[in-house]
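Working notes, beginning with the structure itself.
The values are calculated or read from the model by the stated rules, or taken from the named source; none is laboratory data. Remember, it's a predicted structure, so these values are computed and weren't measured experimentally. Here the Cβ positions follow ideal geometry from the backbone for every residue, glycine too, while neighbour counts run over all protein chains shown.
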Ligand code: 13P
Ligand code: SF4
């Protein structure tokens, strides 16, 4: 049996694996048009998944595309909160998530019961949820944000009201510094970005002197301090487009490098550390996408009791940006 590379970046042209991927891609593209489906993929997805997608983007772009699409079926190739967001923003569509086990560990660090309890003790506090949350947590929140619009969302809040930001303590800390506020922070984190160390940034700079260092705001504060800029994935793409620099060290999940190399073939990109791979993002592959298009399963369905409330928190975010 042909072997699938861990991160979808094999160079072995002509291999069984590549032939298999080509066949899968052809079948997917055919079925996609028969079903009037759209494939929306996060930029941390495998290379071959990015290649069949109609859009490769960050959490916010996927949410906007899901809200605006005319397709009958949305295949959301990303982690489960992204597929749930698509369903919440476009309830009449069939939303397929090719691998329901592809969850986000950070999202699971905040549960609705704990958020309700916090609200009960602090009734005046506004709850701002990163979109990397479970739908039932969104339902307990006043507003959501993504890494692309977090600053605008936080700046839109009623002045003087206490705020709790969840679940990512690193993004929350970054926003506190950037906006000059003092939100309370939930104790969650992304296990992938959290592993990147300040020493690894220093070492990457030593290996690639002159390269600009861009890291995701889910990284630890000391990593952000040693970087040149903290940006969400789309923020990185936009920044690179406008930067005169030719070489970059990228401190986020490795899937983004495929997108960057495709969009900027004249630039050089280095991953800040080899371990920046999210296994949950990588658990979706072409075979699973084909299966879900064939069977129109697994579908994203959410309990009625959370649906409207979670949708409201997302819609508030979408109205700000
Ligand atoms: P973006 O919003 O930048 O796409 O990030 C999502 C994510 O899961 C980061 O780890
Ligand atoms: Fe969640 Fe981190 Fe993976 Fe993003 S990279 S999906 S935050 S675990």
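Miscellaneous remarks
- Single residue of 192, 181, 164 found to be surrounded by 20 or more Cβ atoms within 10 Å (Cβ to Cβ) and more than 16 Å from ligand 1 (Cβ to nearest atom): 164
- Residue 75 vs. criteria within 16 Å of ligand 2 (Cβ to nearest atom) and either modelled with pLDDT under 95 or within 21 Å of the chain's Cα centre (by Cα) (or both): no
- With respect to the conditions (1) more than 15 Å from residue 320 (Cα to Cα); (2) within 16 Å of ligand 1 (Cβ to nearest atom); (3) touching a residue at least 60 places away in the same chain (Cβ under 8 Å), residue 133 falls short on a single one, namely (3).
- Residue within the stretch 100-108 that is closer than 17 Å to residue 278 by Cα and assigned to a helix (DSSP H, G or I) present: yes
- Residues of the stretch 275-304 classified as touching a residue at least 60 places away in the same chain (Cβ under 8 Å) and in a helix (DSSP H, G or I), total: 12
- Candidates 272, 230, 310 - the one that is crowded, with 23+ Cβ neighbours inside 10 Å and within 16 Å of the chain's Cα centre (by Cα): 230
- Verdict on residue 76 being surrounded by 24 or more Cβ atoms within 10 Å (Cβ to Cβ) and in a helix (DSSP H, G or I): no
- Of all residues in the stretch 16-52 being more than 16 Å from ligand 1 (Cβ to nearest atom) and farther than 16 Å from residue 287 by Cβ, the one that is farthest from the chain's Cα centre (by Cα): 34
- In the set (1) surrounded by fewer than 17 Cβ atoms within 10 Å (Cβ to Cβ); (2) more than 16 Å from ligand 1 (Cβ to nearest atom), residue 152 fails one condition alone, (2).
- Only one of the numbered conditions (1) more than 16 Å from the chain's Cα centre (by Cα); (2) more than 15 Å from ligand 2 (Cβ to nearest atom); (3) free of Cβ contacts under 8 Å to residues at least 40 places away in the same chain is violated by residue 221, and that is (3).
- Residue check, residue 87 part of a helix (DSSP H, G or I), away from ligand 1 (no atom under 16 Å from the Cβ) and either buried (at least 23 other Cβ atoms within 10 Å of the Cβ) or without any contact (Cβ under 8 Å) to a residue 12 or more places away in the chain (or both): yes
For every residue, the table says whether it meets (1) more than 30 Å from residue 274 (Cβ to Cβ); (2) modelled with pLDDT under 95; (3) outside any helix (DSSP H, G or I).
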position	(1), (2), (3)
117	yes, no, no
120	yes, no, no
123	yes, no, yes
136	yes, no, no
152	yes, no, no
164	yes, no, yes
170	no, no, no
177	no, no, no
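- Checked against the criterion of being under 21 Å from residue 62 (Cβ atoms) and in contact (Cβ under 8 Å) with a residue 60 or more places away in the chain, the candidates 270, 193 yield just one match: 193.
- Sole exception among (1) touching a helix residue (DSSP H, G or I) at 6+ places or on another chain (Cβ under 7 Å); (2) under 25 Å from residue 176 (Cβ atoms); (3) touching a residue at least 60 places away in the same chain (Cβ under 8 Å) for residue 258, by number: (2)
- Residue selection: residue 61 satisfies the criterion of being within 16 Å of ligand 2 (Cβ to nearest atom), assigned to a helix (DSSP H, G or I), surrounded by fewer than 24 Cβ atoms within 10 Å (Cβ to Cβ) and at pLDDT 95 or above.
- Condition met for residue 69 (touching a strand residue (DSSP E or B) at 6+ places or on another chain (Cβ under 7 Å) and surrounded by fewer than 23 Cβ atoms within 10 Å (Cβ to Cβ)): yes
- Scanning the stretch 81-110 for residues that are more than 25 Å from residue 156 (Cα to Cα) and away from ligand 2 (no atom under 16 Å from the Cβ) yields a count of 7.
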